Structures are given as structure tokens and as C-alpha cells.
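Bear in mind these aren't lab numbers, they're just calculated from the coordinates by the rules spelled out. This structure is a prediction, so every number in the text was calculated from the model and none was measured. Positions of Cβ are backbone-derived with ideal geometry, glycine not excepted, and every protein chain shown enters the neighbour counts.
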Amino acid sequence: MFFELLAGNLIQGVFLGAVYGMATMGLSLIFGVLKVVNVGHGAFIMVGAFITLALFDGLGISPILAIPAAFGVGLALGLFFYYTVIQRLIKAPELATLLATFSIGILLEEVIKLVFGSEFRGYNWVVGKIDLGITVVPMSKLYAGVGSVVIAVLLYLWFNRTRAGSAMRSVVEDSEGARVCGVNVGAAYAWSFALGIGLTVASGVLLTMFIPVGINPYMGGGYTLKAFVIAVLGGLASPYGAFFGGLVFGLIENGSYTLFALLPGVEPFALTRFLSFMILLVILLIRPTGLLRGK
Amino acid sequence: MLDVKDLESGYGPMQVLWKPSLTVKKGNITSLLGPNGVGKSTLLETVFGSVPPWGGQVLYNGVDVTRVPTHKKVDMGLALVPEGKHLFPSMTVYENLAMGAYPKKAMPHREKNMQLVYALFPRLKERSEQAAGSLSGGEQQMVTISRALMTQPQLIMLDEPSQGLAPLLVREVFETIVKMKTDIGLTVLLIEQNADASLNSADYVYIMHEGTIKAEGTPEEIKGSSEIREAYLGI
């Protein structure tokens, strides 16, 4: 009975982990290219969640279609914030970009609060369940997990098979070298930031497909923290590292949830958070460059 | 082919270039000599566009390119071999060279240029699947030069290509630079501290000091003038 429960939770953990991974790729991409830590990361996830909610509740549009819509909004937001804020701060000390992205996060939260109010919301997307024998997985979670994998694969192909992708990779490796090869480095920075934000906002859709409740303007904070743990697991500057970091994190979170639930008098969900940050601390102590790819 | 007129630039409040002017003739190797810290690299970077110009003019084939963005200059056939190599360390040698063919006009010539640089540096062919970061300093310099050749340039600017190399490799680099002129038909602007080697391979020489051009002439004229040699080159 216990092992069935654990196996079931781990299967769901794979789906959750894929979504977590996808939700961290934008953070790693932006850090990898621009060396900017987007502290407002979770707020962009929250924007994605509200796009899903507005489209679904307001217009009856399926969350699956909300993914490209959120990606488009994210690209636009990314370009807007890059040219108005980030571009001026690239060469500034790190504290400046930390404060700037933190402020962008607060700005987004307050704008969303102004429009949608601050109460907790949710939506009810009924698409059935699938019985995997050991566990029953709602189709929405399955879509979210598979969608995340598809997006990660697309991103990989785009990076490695397209001219624009190769330009971005070269900027990550050496921006001066990229300039010498005729890459428009300024444009590569702008589009990397936009792509990172686009992925993050789109991940907000996938996260609500997994957890369609608790949508509110301040939901992003927890995701920012999780994304940092995952990014560090994956080596911070690599989007694919982040994806695998997410898988590991999803498994740890769901696996430990099952284990903690066995302890009497313990609220297991609170302890999973404790565990994730313990993991972050331990990794930072023993391998400060990340687990998967250390540089 | 390249005319620099009264160029001014610098970093922050510090002016480095004080109106140097020079001309690079098509099909020539033009060398810019001078000790460290006189603004030679800054001159190349300002011409290339990595450092924004404050004043003056850069003409390329008679066209004013002073404020043309760097990537467009690369499209126009201007290439730079930067000081400090700036390779893509985790990419293979082949991938580094392929990145050199990034400009749209260089892409159709990718395989042909690849054969050309492998002929110039046979060792790179042996190392083509190795990560660029794992190569020796000399091999990395070969990749840097090759990557610039892959952009299908007309004018190639080299920033101290012999710096930090063993004497044997220095000779190889200079032989390659002469081959670029004679075999490939490129125009070369070469920055060097190594006065002897440059004087032997260049067609025309400028001497730079304190951010401006102090003397110019053919290598024979420079060698023949003990004043210039003693004042600026220390030989």
C-alpha cells in the first residue's frame, strides 16, 4: 500500500518536475546570456496564470491555447522591460539588476491586483483522468507535463539547429567573440531576455494546468524560490540543466511528501519546502557551481 | 581601402585616441607599431565599433562607416582577430569555425573557407572535434585567425597575433599573415609590439605613440631612420 502510494506520487512527481523544469528554463536562459538574476521571475509566472484564468473564465478558451498566447505576451513584456530597464543596467553592478528585476516583479503584482483584485482564484477545466494502474492522473496534469517536455525539446532544437539559436549560444560563450563573427550582440541580448520571459510566462499556464487553484497576485514568490533551488541544481546558466533540475526537484518534492505524511502530527507540505531549502543549502556548501554542470 | 581620419575615442572620461590618421591600401599589409598602452588596440576597436567613436571619421572603400554597427561592418567584409582570442571554449574547433560563417554572405562559402583554413593550419583539421578551450595557446590563436577568415573578409585586422606565443609559432603566424595577402588576396591591418617581425612582413608601417601617429613610412625607411627606431621602437 505504501509503495503503491509512493510510486503513484513519484509518477506525478515526474509530471510536476517537468513543469518545474520548464518554469525554470527562462530564469537560467536569462542568467546564462545576460548574467542578470531575474528576482521578479515568479511574478511573470503569475502573469501567465492570470492569462490562463482570464482566457478560460472570460472567453472559454482552453488552457492549451493559452500557452502560445502567454508566450507571445511574455515576449512582448520581455522586449519592453529589456529596452526600458535592463539594457541600461547590463554593465552596472549586480545589485542594480537585482533591485530592478525585484521592482519589475512588484510592479507586475500590483498591476494585476489592480485589475483582478487580490483574492485567491481558480478555474475548473474538466478533461478527464487517465488510469495508469498504480495511480490516476488527471489529463490536465498529463498535458502540462508533456507540454513542458515538448517546449524543452523545441527550445533545444531552436538553440542547436537555427541561425538565431547559434547566435545566442555564441553570446553565452563569449560576447566579444560573437561580435567578431558578425552577431548583433545587442539584439541577441534583447531577444534572449524576451525569450526567457516568454518561456516563464508560458510556464505560468502549465503550472496552473497542474495546480488550477490558489491563483492570486502574490503567488509568484514561492515559485521564485523554487526556481532558484532548481536552477542551482541544474548549474544555473544552462536551460537544459534547469529542466533536469526541475525533474529531480519534482521527484524530491512528491517523494518526500509521501514519506513525511507517515510522520504523526506533521503537516507534510510544509516539510517538503523545508527539505528543498535544506537541499539548496547542502548543494551550495558542497558544490557551489551546481550539481549537473559545474563551471 | 580603409581611411582613418582624426579618430578620437576613449573609455569613460579618459581619452585614449588623439586624432590619429592612417590609410590602409588594398592588397597591402599595413602595420601599426608601438609599445603597450599607446592606444593601438583602442584604434582597432574604435574602427571595428566595439568602442564608440567620439570624433573623426572611418572610411571603408570610400564609405563613411564611423557609426555603422559592428555586425554590419562584418557583413561589409571587415574582420577582427581580437586580442585575448575570445573563442567559444566549450564548442569544438569545427563549431567555432562554423560560427565564423555566421554572416549571411559567408554562409554559402562555408565549406570552401573551411578547406582554406585547414590548408593554412593543418593542425586544426586534426583537432576539429576537440573543444576549443582544451587547445594550447598557439592552437587557439590559429582558431581565432581562422574564425575571422571564415567571415569571408576583404580586410582583416589583427590585434597582436603573436602575443604570448613561442618564437617558432610567432614565425608561423607571420608566415600565415603574408599568405593571407599573397595567396588569398586579403588586405591586412596588423597591430604589433614585435617590431622586427612586422617590419619584415609589412608593406607600410605607422608608428603610434601617446594616442596618435608619430611617424610612417615603408619598412626600409623606418629601419633606415635611427631617430624613429630609437625614439619609438627601442631597436
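Computed FRET efficiency, Cβ-Cβ of B:Lys214 and B:Val68, R0 22 Å: what is it to the nearest 0.05? E between B:Lys214 and B:Val68, to the nearest 0.05, is 0.15.
With a Förster radius of 51 Å, plug the Cβ-Cβ distance of B:Asn36 and A:Arg287 into 1/(1 + (r/R0)^6) and report the FRET value to the nearest 0.05. Calculated value: 0.80.
Each 10 Å bin, from zero up to the one with the longest distance, holds this percent of the alpha carbon pairs of the range A:1-73: 17, 34, 30, 17, 2.
In this rough spin-label picture, where each label sits 7 Å from Cα along the Cβ direction, the A:Tyr83-B:Ala166 distance is 5.3 nm. For the range A:28-63, the residues whose amide N sits under 20 Å from a probe point set 7 Å from the Cα of A:Val150 along the beta carbon direction are A:48-49, A:51-53, A:55-56, A:60-63.
Roughly what angle does helix A:239-260 make with the longest principal axis of chain A, taking Cα atoms, 0 to 90 degrees, to the nearest 10? Helix A:239-260 and the main axis of chain A meet at about 20 degrees. In terms of its C-alpha gyration tensor, the range A:104-214 has an oblate overall shape, because the principal axis ratio a/c (a ≥ b ≥ c, square roots of the eigenvalues) is not below 1.5 and a/b does not outweigh b/c.
In terms of distances greater than 26 angstrom between alpha carbons, the cross-link table entries B:Lys5/B:Lys214; B:Lys26/B:Lys112; A:Lys91/A:Lys113 yield A:Lys91/A:Lys113. Taking a point 7 Å from the Cα of A:Asn160 along the Cα-to-Cβ direction, none of the residues of the range A:175-202 has its backbone N closer than 18 Å to it.
Listed by chain and number, the aspartates and glutamates whose alpha-carbon sits under 19 Å from that of A:Lys35, ignoring those within fewer than 8 places in the same chain, are A:Glu94, A:Glu173, A:Asp174, A:Glu176.
Straight-distance candidates among the aspartates and glutamates for linking to B:Lys125, with alpha-carbon spacing under 16 Å and chain neighbours fewer than 8 residues away dropped: B:Glu95, B:Glu111, B:Glu139. Estimated from the Cβ-Cβ distance and a Förster radius of 56 angstrom, the FRET efficiency linking B:Asp3 and A:Leu65 is about 0.45. Applying the Kirkwood pairwise sum to the alpha-carbon positions of the protein assembly as shown produces a hydrodynamic radius of 25.9 angstrom.
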